[in-house]
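The values are calculated or read from the model by the stated rules, or taken from the named source; none is laboratory data. The shown structure was predicted, so the numbers you read here are calculated from the model rather than taken from an experiment. Glycine also receives a Cβ, built like all others from the backbone with ideal geometry; neighbour counts cover every protein chain displayed.
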Amino acid sequence: MPQSLRRSRTAAIGLAALLAALPAGGVLAQGRATCPATTAADNQAAAAATNAQRRARGLAAVAPDPRLAKAAAAHACDMARRGVLSHTGSNGSAPMQRAKAAGYAPRVIAENVAAGPARLDQAMAMWMRSPPHLANIANAQVRHVGIGRAVGADGRTTYWTAVYAAPR
């Protein structure tokens, strides 16, 4: 067999092996998502950042809630694992369902998500520049907040979820 034909065949086999390794979406993951649990300090920092914005608008403060933090962290991890920014979970869940699954029975619920910024203050700044996200932060009906973050498989993209709610 001529050398050029051998090289072409070897390249074709290598390409076929690479394509077979790709997931259905066609993106080769570089690693696994990192999904740290939300600490009380993380959640307190989220409440403080949220309350600074609410106070400037004459609104009541929100309190950190560990159940909302659990729901937020799980959703941030789900987004990071999929490499997708979405309000819909991989199982089709919505914010209300995720909060209930974490043990919080909401009367009112709102959710902000972001992908990219590594720090909470950066995510908050993004949300403050977005009228729909700012509306969630400044929703006069909400009483609690929970924050979650995860780092995507690329090791660079941080996924954030903030859940704002009021109980039944």
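Listed values, structure above:
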read-out: Lone qualifier among Arg149, Arg143 - being surrounded by 23 or more Cβ atoms within 10 Å (Cβ to Cβ), out of contact with any His (no Cβ under 9 Å at 6 or more places or on another chain), among the basic types (Lys, Arg) and modelled with pLDDT of 95 or more; value: Arg149
read-out: Condition check for Pro106: touching a helix residue (DSSP H, G or I) at 6+ places or on another chain (Cβ under 7 Å) and modelled with pLDDT of 95 or more; value: yes
read-out: Given (1) within 17 Å of Ala33 (Cα to Cα); (2) in contact with a Gly (Cβ under 8 Å, 6 or more places away or on another chain), index of the condition Pro64 fails; value: (1)
read-out: Residue count for the range 39-63, restricted to those that are more than 17 Å from Trp127 (Cβ to Cβ), outside any loop (DSSP other than H, G, I, E, B) and either in contact with a helix residue (DSSP H, G or I) (Cβ under 7 Å, 6 or more places away or on another chain) or free of Cβ contacts under 8 Å to residues at least 24 places away in the same chain (or both); value: 3
read-out: Residue match in the range 15-37 (condition: out of contact with any Leu (no Cβ under 8 Å at 6 or more places or on another chain), modelled with pLDDT under 90 and within 17 Å of Leu120 (Cα to Cα)); value: yes
read-out: Candidate set: the range 132-168, residues that are part of a helix (DSSP H, G or I) and either in contact (Cβ under 8 Å) with a residue 60 or more places away in the chain or closer than 13 Å to Gln53 by Cα (or both); chosen: the one nearest to the chain's Cα centre (by Cα); value: His133
read-out: Any chance Arg55 is modelled with pLDDT of 95 or more, more than 16 Å from Gly148 (Cα to Cα) and of a type in the set (D, E, K, R); value: yes
read-out: From Arg67, Arg98, Arg119, residue being closer than 18 Å to Trp160 by Cα, among the basic types (Lys, Arg) and modelled with pLDDT under 95; value: Arg119
read-out: Filter result (in contact (Cβ under 8 Å) with a residue 60 or more places away in the chain and either more than 17 Å from Ile147 (Cβ to Cβ) or assigned to a strand (DSSP E or B) (or both)) within the range 74-111; value: Arg81, Gly83, Ala105, Pro106, Arg107
